[in-house]
Amino acid sequence: LRFNSVESFIALRDAVNTNPMILSVGESDEHIGWGNYSRPMEYNDIKEDVALLDVGHGYFETMGLQLIDGRIFTREFEQTDKGKSIIVNEQFIKDFGIEEPIGKRVVMSDTVPLYIIGIMADYFPYGTWAEIPPTAFHFVRENRLRFLTVKTEIENLKPVNEYLEEEWKKVIPNFPYSGFFQDSLMDEARQINENIKDLYIFLGFIALILSAIGLYTLVSLSIIRRTKEVGVRKVMGSSVQQIILKISKPYAIIIAIASVIGLYAGYKSSVVMMASIWEIYTDLNAYTFIIPVVLILLVAAASIGWKVYSAASRNPTESLRYE
């Protein structure tokens, strides 16, 4: 939930803490997936802009962020954490090359010394379009609390959301309810991914249909030219299986060569395409290529199998009289 005033934030926070369906509540000024701000930080002559989020009590637990080392902000150390402590992600440690980071001092905006008290596992704030930025969490001042994050069991999502909306109307009756689900912040990224997937499935389907039509046409023309040859071979004692093998063999070789070339070209083009869209993506596995090849072989067999079989099974008398 996003608030315009601290007073409203505190009033609703105190109310929701009494609901047994709510597992935890987090406080923050910025929110993952919504936005952050950037500040230059320096460590051992390495200077880099860092994404910053001001967060408070309960935020890490509510958002399910994984603590790798150190500690999070606590009420016990609240006075020392204010203005002096930061929690950083793994990418922050890598970019600045910090060894044994807990307790190390970094400088923000050339003048503000901060001490690392914890390390969080990396996460993708807006999807996999860009590399994970070096990120730091700063303890939020109470007069800047804007986001209230609530965690509950999945089966309680609807009743908890309805409860929050009712409490909102009691506390802030003149403003529309601002609650949203965290998943909705990633809807755009998911929709783009789905659109890209659907586009390539459609293009692949069209390519498969056109290939089948082209292959069927080639086989039909070849059989028309070789009608008398088929009749002669049958008269000379060739079986249907031998004639099918004779006619199909050149196409099988062409399909095999095309499959090898297509696999290599498909792998290279897929890697280039994915790298141009996403910074992080799942590597291609063997099934990515085995399934299309099997599908192509089945379509090819269906395209030419019946035509070749009907030609090979034809009465040789009719074939020899064909003009």
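Under 6 Å between Cβ atoms, which residue pairs at least 6 apart in sequence (or on different chains) link something in segment 121-149 that is touching a residue at least 12 places away in the same chain (Cβ under 8 Å) with a partner that is polar (S, T, N, Q) and assigned to a loop (DSSP other than H, G, I, E, B)?
ALA121/GLN66
Under 28 Å from the mean Cα position of the chain (by Cα), within 14 Å of LYS151 (Cβ to Cβ) and either loosely packed, with under 13 Cβ neighbours inside 10 Å or modelled with pLDDT of 95 or more (or both): does that describe TYR59?
On the way: under 28 Å from the mean Cα position of the chain (by Cα): yes; within 14 Å of LYS151 (Cβ to Cβ): yes; either loosely packed, with under 13 Cβ neighbours inside 10 Å or modelled with pLDDT of 95 or more (or both): yes.
Criteria met by TYR59.
Which condition number in (1) more than 25 Å from the chain's Cα centre (by Cα); (2) free of Cβ contacts under 8 Å to residues at least 12 places away in the same chain; (3) surrounded by 14 or more Cβ atoms within 10 Å (Cβ to Cβ) is the one that SER248 fails?
(2)
Quick one: in segment 106-140, which of the residues that are out of contact with any helix residue (DSSP H, G or I) (no Cβ under 8 Å at 6 or more places or on another chain) and hydroxyl-bearing (Ser, Thr, Tyr) is farthest from ASN193 (Cα to Cα)?
It comes out as THR111.
So which strands (runs of 3 or more DSSP E) stay within segment 1-93 end to end and still have 1 or more residues that are more than 20 Å from ARG105 (Cβ to Cβ) and of a type outside the set (Asp, Glu)? Before you say what the answer is, go through the steps one by one.
Working: elements: 22-28, 37-43, 46-55, 67-70, 85-89.
Of the strands (runs of 3 or more DSSP E) lying wholly inside segment 1-93, those with at least 1 residues that are more than 20 Å from ARG105 (Cβ to Cβ) and of a type outside the set (Asp, Glu) span 22-28, 37-43, 46-55, 67-70.
Just wondering, is there one or more residues in segment 96-106 that are crowded, with 20+ Cβ neighbours inside 10 Å, touching a Leu at 6+ places or on another chain (Cβ under 6 Å) and either modelled with pLDDT of 95 or more or of a type outside the set (D, E, K, R) (or both)?
Scanning segment 96-106 turns up at least one residue that is crowded, with 20+ Cβ neighbours inside 10 Å, touching a Leu at 6+ places or on another chain (Cβ under 6 Å) and either modelled with pLDDT of 95 or more or of a type outside the set (D, E, K, R) (or both).
Give just the number: which of (1) in contact (Cβ under 8 Å) with a residue 24 or more places away in the chain; (2) part of a helix (DSSP H, G or I); (3) of a type outside the set (A, V, I, L, M) does GLU279 not satisfy?
It is condition (2) that GLU279 fails.
Quick one: which residue in ILE206, ILE201, ILE196 is part of a helix (DSSP H, G or I), in the same structural domain as TYR281 (by TED's automatic domain parsing) and surrounded by 13 or more Cβ atoms within 10 Å (Cβ to Cβ)? Walk me through how you get there before you give the answer.
Values: ILE206 fails: surrounded by 13 or more Cβ atoms within 10 Å (Cβ to Cβ); ILE201 fails: surrounded by 13 or more Cβ atoms within 10 Å (Cβ to Cβ).
Answer to the selection: ILE196.
Could you list, in sequence order, all residues of segment 1-32 that are among the acidic types (Asp, Glu) and surrounded by 18 or more Cβ atoms within 10 Å (Cβ to Cβ)?
Of the residues in segment 1-32, the ones among the acidic types (Asp, Glu) are 7, 14, 27, 29-30.
Once the filter is applied, which keeps residues that are among the acidic types (Asp, Glu) and surrounded by 18 or more Cβ atoms within 10 Å (Cβ to Cβ), segment 1-32 yields GLU27, ASP29, GLU30.
If we scan segment 65-78, do we find a residue that is touching a Lys or Arg at 6+ places or on another chain (Cβ under 8 Å), of a type outside the set (A, V, I, L, M, F, W, C) and surrounded by 13 or more Cβ atoms within 10 Å (Cβ to Cβ)?
no
Just name the residue that is nearest to LYS151 (Cα to Cα) out of those in segment 171-187 that are without any contact (Cβ under 8 Å) to a residue 40 or more places away in the chain and assigned to a helix (DSSP H, G or I).
ASP183
For MET120, state whether it is surrounded by 19 or more Cβ atoms within 10 Å (Cβ to Cβ) and touching a Leu at 6+ places or on another chain (Cβ under 8 Å).
Numbers: surrounded by 19 or more Cβ atoms within 10 Å (Cβ to Cβ): yes; touching a Leu at 6+ places or on another chain (Cβ under 8 Å): yes.
Yes.
Among (1) more than 31 Å from the chain's Cα centre (by Cα); (2) not in a helix (DSSP H, G or I), there is one condition ASP122 misses while meeting the rest; what is its number?
The number of the failed condition is (1).
State which residue is nearest to ALA189 (Cα to Cα) when the search covers only segment 129-179 and only residues that are charged (D, E, K, R) and touching a Phe, Trp or Tyr at 6+ places or on another chain (Cβ under 7 Å). Please lay out each step first, then the result.
In the first step, residues of segment 129-179 are kept if they are charged (D, E, K, R); the result is 131, 141-142, 144, 146, 151, 153, 155, 158, 162, 165-167, 169-170.
Filter once more, so that each one left must be touching a Phe, Trp or Tyr at 6+ places or on another chain (Cβ under 7 Å): 146, 165.
Numbers: ARG146: 25, GLU165: 27 Å.
Only one residue fits best here, namely ARG146.
Taking GLY204, is it under 30 Å from LEU295 (Cα atoms) and in contact with a helix residue (DSSP H, G or I) (Cβ under 8 Å, 6 or more places away or on another chain)? Reasoning before the result, please.
Details: under 30 Å from LEU295 (Cα atoms): yes; in contact with a helix residue (DSSP H, G or I) (Cβ under 8 Å, 6 or more places away or on another chain): yes.
Considered against the rule, which asks whether it is under 30 Å from LEU295 (Cα atoms) and in contact with a helix residue (DSSP H, G or I) (Cβ under 8 Å, 6 or more places away or on another chain), GLY204 comes out as yes.
If we scan segment 187-197, do we find a residue that is over 24 Å from the mean Cα position of the chain (by Cα) and of a type in the set (Lys, Arg)?
Initial filter on segment 187-197 (over 24 Å from the mean Cα position of the chain (by Cα)): none.
No: zero hits.
Identify all residues within segment 1-47 that are among the hydroxyl-bearing types (Ser, Thr, Tyr) and free of Cβ contacts under 8 Å to residues at least 60 places away in the same chain; write none if there are none. Break it down stepwise before answering.
Of segment 1-47, the ones among the hydroxyl-bearing types (Ser, Thr, Tyr) are 5, 8, 18, 24, 28, 37-38, 43.
Matches in segment 1-47: SER5, THR18, TYR37, SER38.
The values are calculated or read from the model by the stated rules, or taken from the named source; none is laboratory data. The shown structure was predicted, so the numbers you read here are calculated from the model rather than taken from an experiment. Cβ sites come from the backbone with ideal geometry, for glycine too, and all protein chains shown count toward neighbours.
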